[in-house]
Amino acid sequence: MRKVIGVGETILDIIFKNDQPHAAVPGGSVFNGLTSLGRLGVPVLFISETGNDHVGDMIRHFMEANHISTEFVDKFPDGKSPISLAFLDEHNNANYAFYKNYPKQRLEVPLPPIEEDDIFVFGSYYALNPALRPRIVEFLQYARERGAIIYYDPNFRNAHANEAIHVRPSVLENLDFADIVRGSEEDFFNLFGKNDMKQVYTEHIRFYSDVFLTTHGRDGVWLHTSSFNTHFDVPEITPVSTIGAGDNFNAGIIYGLLKYQVRRRDLPSLTRDDWERIVRCGIDLASEVCQSYDNYISTDFAKAYV
C-alpha cells in the first residue's frame, strides 16, 4: 500500500479569540495535513522533532492516537518543544507569535522507508532553515531516488518576507525537487513580489515543476500546468478558524492522488477533469477544517468521507 512521508515541525498551537485562550492543539504545517490523512486511514510516517518535556509527550501521544508513526521523531534532550500563540482576528484569520528553543544538533533520525509512488510532502520555513538544510536535502534526494511524488508547499508567511532574497537559492532548489507545488497567493507574493499567479508560474515555477496549484481563499483555486490553466470554485462557508486550511487542502490533494491511483508517471497526462476530482478532495478537507478550531478534519468527517 502506498504511503505518505512528511518532514516538518511539531508545535503546540494555543489559539486565542478576543484575547482569551480558546483551545490548545498540536500543530505544524505538514503535521496538520498528515493528521487528517492518518484519520482517513492513509499510512503515514512523519520526520520531526520534539523536546523531552510535557508538551513533547502530548504531541507524541496525539500522533500515536492518530495513526502517525513516531519512529522518525527526534526526541531531543536539550531545549524545549516549540509553542505558538495564534490570535484570531474578527475574520477568524490567525496572527502568530512563536516561542522556540531548539538544540544545536537536530533531526538525528534515520532515513525512512520510501517506495516508488509514495508521496513525500515538505515545506514552510522549516525546509529553508539553515540549521536543518543539509538533512532536508538528504531526505529530498532520497525521496527522488526512490521514485516518490514530491509535494512542496512553501508556506512562506509575512514573518519571513524580509528573508526572501536570502532563502531564494533554497526555495529554487526545493522547487527543482518538487513534482507538485502548492501555496497561497500570499506565499508567492512574499517570495517573488508578484500578485499574478500565472506570471509567477511562467517566470519562476514552470522551469522546475510542471504542476502549480494556488489557493485564494473564497476566490477559489487556480491550477497552472504546461498544458492548461484552470480555475475551481469553492463553496461559501462561514469560517470559525482558518488555521490549517492550506495544510488540509494539501492533505486533500494527496488523498485524491491516492484515491484515484495517480502515479508519478501519470502527472503530465492528467486532464482538467482528472484534476477536478483531485482538487475537490482538497477543497472538501479545507472547508471542513475552517468550520472548527481544530487544525485537522474530525474523526467523524473522516469516517464519512472514506
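All of the numbers you see were taken from the coordinates with simple rules; none came from a lab. This is a predicted model, so every value here is computed, not measured. Note: ideal-geometry Cβ built from the backbone for every residue, glycine included; neighbour counts use all protein chains shown.
Hull volume per residue, based on the alpha-carbon atoms of segment 241-281 and their convex hull, is 66 Å³. Within the listed set GLU236, GLU108, GLU186, the residue fluctuating most in the Gaussian network model of the chain (springs between alpha-carbon atoms under 10 angstrom) is GLU236. Summing charges over all other residues whose Cβ lies under 14 Å from the Cβ of HIS22, with Lys and Arg as +1 and Asp and Glu as -1, gives -3. Can you say what percent of the DSSP beta bridges in the chain, counting only those with both residues inside, are antiparallel? Round to 5. For the chain, the DSSP antiparallel bridge percentage is about 40.
Among residues other than GLY147 with Cβ under 15 Å from its Cβ, the summed charge is 0 (Lys and Arg +1, Asp and Glu -1). Over the chain, with a Gaussian network built from C-alpha contacts below 10 Å, which listed residue (THR215, THR50, THR271) shows the highest mean-square fluctuation? Top of the fluctuation ranking is THR271.
For segment 70-128, a simple Cβ point-charge model (Lys and Arg +1, Asp and Glu -1, everything else neutral) yields a dipole of about 540 debye relative to the Cα centre. Taking every DSSP beta bridge that has both ends in segment 1-118, the antiparallel portion is near 45%. Ellipticity at 222 nm from helices only: DSSP H runs of n ≥ 4 in the chain, each -39500 (n - 2.57), divided by the residue count, give -10500 deg cm²/dmol. A Förster radius of 41 Å, combined with the Cβ-Cβ distance separating ARG264 from GLU90, puts the computed FRET efficiency at roughly 0.40.
Largest first and in whole Å, the equivalent-ellipsoid semi-axes of the chain read 26, 22, 20, each the square root of five times a Cα gyration tensor eigenvalue.
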